[in-house]
1. How large is the translational diffusion coefficient of the range 512-607 in µm² per second when you combine the Kirkwood radius over alpha carbon pairs with Stokes-Einstein at 37 °C and 0.692 mPa s?
2. Provide the per-residue ³J(HN,Hα) series for the range 690-701, in order, calculated from phi with Karplus coefficients 6.51, -1.76, 1.60 and θ = phi - 60°, each as a whole number of Hz, with x at glycine and proline positions.
3. How far, in degrees from 0 to 90, does helix 166-180 lean away from the longest principal axis of the Cα atoms of the chain, to the nearest 10?
4. To the nearest Å, what is the center-to-center distance of the range 422-462 and the range 536-583, using C-alpha atoms only?
5. Percent of alpha carbon pairs in the range 337-428 separated by more than 22 Å?
6. Across 5 Å bins from 0, what is the distribution of all Cα-Cα pair distances for the range 48-142, in whole percents?
7. For a quick check: sort VAL89, VAL213 by the number of other beta carbons within 10 angstrom, fewest at the front.
8. Kindly provide the helix-only [θ] at 222 nm of the chain, computed as the sum of -39,500 (n - 2.57) over DSSP H runs of four or more divided by all residues, to the nearest 500 deg cm²/dmol?
Amino acid sequence: MNSAEKGNLPAEPNPFVGRERDVEDLRTLLEGMRSVTLCGAGGIGKTRLAVRVAHALRGAYADGVWFVELGDLAPDGPPGAVAGRVAAVLGLPGEDGGPQPETLAGTLRDWEALLVLDNCEHLVGDCAALTGTLLARCPRLRVLATSREPLRTPVENVWRVPPLEPGEAARLFEERARAARPGFTGGRAVEEIARALDGVPLALELAAARVRVLSAEQIAERLADRFRLLNAGDRTAPPRQRTLRAAIDWSHELLGEGERLLLRRLSVFSGWTLEQAERVCAGGPLRAEEVLDLLTALADKSLVVVGAEVAGEIRFRMLDIIRRYAAERLEEAGERDALRGRHRDAMLELAERHGEIGLAGRPAPWDARVRLFRRYDAELGNVREALAWSLESGGAEEGLRICTALRTYWIVRGRSAEWAEWADRFLARCAAAPASVRGPALAGRAQLAAGGRDASRAREFAEAALAPCREAGDAVMAATALITLAEAHTVTGRPAEAEARLDEADALTGEPGQEWNRAYASIARGYLRIRQGRLREAREPLESGLRIMRELGQLWGAAHALIGLGRLAEARGDRAAARARYEEALPPLREIGARPEIARALAGVGRIALAQGDPAAAREALTGSLLLARATGVRLDAARVLDTFAELVAREGDPRRAVLLGGAAAGLRDAAGRCAGGGRFERRLEPIRRKLGAPLVAQLWGEGRALPLNDAVAQAVSVPGPRVPETAPERHPERDPERSALPSPAAVPVTPPATLTAREREIAALVARGLSNRGIAEELVISPATVARHVTNILTKLGFGSRAQVAAWAVEQLGDPRP
């Protein structure tokens, strides 16, 4: 007790990696708060963080910083065991039966010290009683506790210890791996390991120990059976920390029977709401009305993570490690098939109800539809789980119905390709399905093909849908198939067939419940008129469709009409009106993250800005459009934007790169089977051909046609170089220093590296939602100045010059924006 720094803190056995901000925040918190509890799941790093904070505070307390390990105390031990352990650590004299909290408090009354109580979860009541007594009677004492659930004392501040961020997790793995095998280099496999292990330090350290005999790639491949792989830890650690399974077993053994039952049943979800948990998990000994209290208990014990509010409901999830453990328990209990079936049935019921709302089959205001679109960002994992179980269990009809019900969401999000794949797998197994199932499914599959700009497949599926839809008496889906068929005929140059199909659809859409189809058919007719060059006749059907869509509260459909009106104004030479229409379409599209339509509206803005002599605005809009088109994988959309980019780059004084981009656009059109007539830029090549010479233009054009999409995007979005003087002499291409200075595709960052912190990624997502700095500040309860600083950091780290580029990056890299 006479040393300069009193205490007994354990030495840190290896370098502390990550959580630097957490350490500083906890130091600050302990300056003003007397009781802080670090809560989190087993293996999340509570003890290591507490020790690190305690080391940082050595010397700040006159009577020292003291570490009290409680993990080896039995939960059914004698009264006063916790107080006795504290007394023993502090070197205080013992007494018969161990000191009581009151006795210990009397001894420590004048102490200025920090007590670190480690592993309190199995003694939470005793720890709470002792902490309450000590803090009430010892004014200069502070307590830092670690526990898998809060102590629930009046002065406690609960700090939820999160998993490591992806960069920190990779650093931790590499640090420990190099200690196990000097010279270790893991490459991209390390990122995969860090992601698969949820940033849980114990799991990462156990995995890193395996590099003595496995490469990082081998470890990543074996993580499907992670409990077997991660079973060789530090022999000097407490038994509960030596293997991943032991860490979770420790938590599981502390649960009540009802908590264990709910935990294993929740493993069928990738994430859930309270209502979903009550719907799927209740049954047998577990009543629906018990779920809320049990779920709260699991969250308190750090086995369930309380997530964000989405569509007006709090969502919950488990770390993947916990979920896999719970899934094993579910299978051991013989409940796996029943629970997965109930989960699939619940998702089917939800999807069909929400699908009707999304397409205005049920009345709802626009903001309710926005919430649903955002909800299915969160439900994506559950939908995939439900579809996978439908395939595994022979429930192909149920899987097909889910695909049909949710087709709108996948089209809006630009995910048509994935969901078309699912639908095709189910259609192959449902040849004998009732017409009432197969007909709508084929019509929905046609819409998915149209959303992916695959006109031939859209026509094929729409034609196949008509007979079963008519047989089933499903006029709504028959009209849907006819309209999709008309759209396919329009883009493939069959106007007469398109007109006939729209006339057939009009004959079906006069009945109640067909308002969406009536409006969409009218909009499709307007697009057909534009293609035919009948511009005077195009306005009325587009405006009629716009009016009906707005009356329905379906602003996605209204935006589709607005884009059509923008194209009409553009074709008529009214640039101001065209730009206004394109820009008017963007806000509702951004609300629901409609990536393909956002890309098309931005492409329109970019074309008009270029025509108006505003190259900076054109570049910003075209960059956002091109990145979104690449993210959705729609080659025709990317080709159209690259075509305009070629014009822009030519005006910026870089004719060689302009030709390269024009060739890339031609190559994409050719790959999509749509090269007839060429693009806008191809028809304007003659001035560049005269300037550069036909041989060089042909060479560059050929190189562009061979460029992969990512490389073409890189060439387009790279910062323009200095203007080439109009009088520059022609040079032989092999000796042309300017051509050799053309940035190579690999040198241009197509997608900037994800070096952002968690807060910066959160702010980038809010930028993608269109929020201003003030709006972001209100959302996150921080100051606008702090937001501005974060936005500046984001722009600097990603190498961007505008919020639009940040928004496009966030949509592509972080998923569709949502609250």
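Computed from the coordinates by the stated procedures, all read-outs in this text should not be read as laboratory data. Quick caveat, the model's predicted, so the values are computed rather than measured. Cβ placement follows ideal geometry from the backbone for every residue including glycine, while neighbour counts extend to all protein chains displayed.
1. 252 µm²/s
2. Computed from phi, the couplings for the range 690-701 are 5, 7, 8, x, 4, x, 5, 4, 4, 5, 5, 4 Hz.
3. The angle comes out near 60 degrees.
4. Rounded to whole Å, the Cα centres lie 29 Å apart.
5. Percentage above 22 Å: 23.
6. Here the calculated profile for the range 48-142 is 2, 14, 25, 26, 20, 10, 2, 0.
7. VAL213, VAL89
8. Value at 222 nm, helices only, nearest 500: -19500 deg cm²/dmol.
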